[in-house]
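Notes follow the structure.
The values are calculated or read from the model by the stated rules, or taken from the named source; none is laboratory data. Here the structure is a predicted model, which is why all the values come from computation and not from measurement. Here the Cβ positions follow ideal geometry from the backbone for every residue, glycine too, while neighbour counts run over all protein chains shown.
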Amino acid sequence: MNHWFRLLRVLIGGLLKPRLSLRDESCLRFKTALSDLDLYGHMNNGRFLTLMDLGRIDLIRRSPLAAVIRDHRWNPLVGSVLMRYRRPLLFGETFELHTRILCWDEKWFYLEQRFEKSGQSAAVGLVKGLFMSPGGAVPVPRVLKECGWSGVSPEIPEKIRRWAEAENLR
C-alpha cells in the first residue's frame with residue numbers, strides 16, 4: 001500500500017516541479033518505511049528496484065518523453081538492471097533517489113539510478129531500457145527525434161560497455 005501513496009506523491013508532485021530535458025536528473029526524496037524492511041531491519045533489495053520505477057516515472061513524466069510516448073502509445077520497458085548495494089537504509093532514514101540518462105545506442109537507453117543518504121551512496125543501479133510500440137522496439141533515434149533532441153549520445157562509459165559485453169555473452 002505504501003508504494004501506491006509514493007506513486008501518487010510522485011505523479012502529483014511532478015506537476016509542481018520544473019520540466020526536465022533528456023539530459024537532466026530527477027531527484028526524489030523518500031523516508032524508509034516499515035513496509036520497506038526485510039527481516040534483518042534494512043530496506044529489502046527488491047524494494048530498491050520498486051523505488052527505481054518511481055524515479056524513471058518521474059524522469060519520463062517531467063521530460064518531453066511523456067507526451068511522445070502517450071501520443072504514440074509506447075511503453076517503457078526495462079531490459080536489464082545491474083545493482084550495487086553499498087550501505088543499508090534503515091527504518092526512518094531519509095534518502096534521495098537520483099535518476100538520469102547516461103547515454104544511448106541504437107536500441108537502448110542506459111540510465112543511472114543512485115540512492116544517497118546524507119550525501120553518501122547507499123546503492124547504485126544501472127538500467128538498460130527501451131520503448132516498445134505495438135510493432136516492436138522503437139529505435140532510439142526515432143524516440144529522440146520525436147522528443148526534438150538533435151544531440152548525440154554522450155560517450156558510452158567503460159562500465160556500460162563492459163556490462164553490455166557481459167550480457168551479450170549470455
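Being at pLDDT 95 or above, in contact with an Asp or Glu (Cβ under 7 Å, 6 or more places away or on another chain) and farther than 20 Å from ILE156 by Cα is true for just one of PHE91, PHE95. Which residue is that? Can you show your working first?
On the way: PHE91 fails: in contact with an Asp or Glu (Cβ under 7 Å, 6 or more places away or on another chain).
Answer to the selection: PHE95.
Give region 13-59 a look and list any residue that's β-branched (Val, Ile, Thr) and not in a loop (DSSP other than H, G, I, E, B), or say none. Scanning region 13-59 gives THR50, ILE57. Return the residues of region 124-138 that are exposed (fewer than 14 other Cβ atoms within 10 Å of the Cβ) and in contact (Cβ under 8 Å) with a residue 24 or more places away in the chain; say none if nothing qualifies. Selection gives SER133, PRO134. Suppose the filter is more than 21 Å from VAL124 (Cβ to Cβ), part of a helix (DSSP H, G or I), at pLDDT 95 or above and not hydrophobic (A, V, I, L, M, F, W, C); does ASP71 pass it? Yes; evaluated as a whole, the condition is true for this residue.
One residue alone among LEU16, LEU7, LEU28 is within 17 Å of the chain's Cα centre (by Cα), at pLDDT below 95 and among the hydrophobic types (A, V, I, L, M, F, W, C), and that residue is LEU7.
Taking each residue of region 61-84 that is closer than 19 Å to CYS27 by Cβ and looking for partners that are part of a helix (DSSP H, G or I) with beta-carbon atoms closer than 6 Å, six or more apart or interchain, yields ARG61/GLY14; ARG62/GLY14; ALA66/ILE60.
Residue by residue, here is whether (1) farther than 24 Å from PHE131 by Cβ; (2) surrounded by fewer than 19 Cβ atoms within 10 Å (Cβ to Cβ) holds:
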{"position": "ARG9", "(1), (2)": "yes, yes"}
{"position": "GLY14", "(1), (2)": "no, no"}
{"position": "LYS17", "(1), (2)": "no, yes"}
{"position": "LYS31", "(1), (2)": "yes, yes"}
{"position": "MET43", "(1), (2)": "yes, no"}
{"position": "THR50", "(1), (2)": "no, yes"}
{"position": "ALA66", "(1), (2)": "no, yes"}
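Of all residues in region 72-104, those satisfying the criterion of being under 22 Å from LEU20 (Cβ atoms), in contact with a helix residue (DSSP H, G or I) (Cβ under 8 Å, 6 or more places away or on another chain) and either among the aromatic types (Phe, Trp, Tyr) or surrounded by fewer than 14 Cβ atoms within 10 Å (Cβ to Cβ) (or both) are TRP74, ASN75, TRP104. Listed by first and then second residue, the pairs linking a residue in region 89-109 that is of a type in the set (Gly, Ala, Ser) to a residue that is modelled with pLDDT of 95 or more, with Cβ atoms under 7 Å apart and 6 or more places separating them unless they lie on different chains, are GLY92/LYS31; GLY92/THR32.
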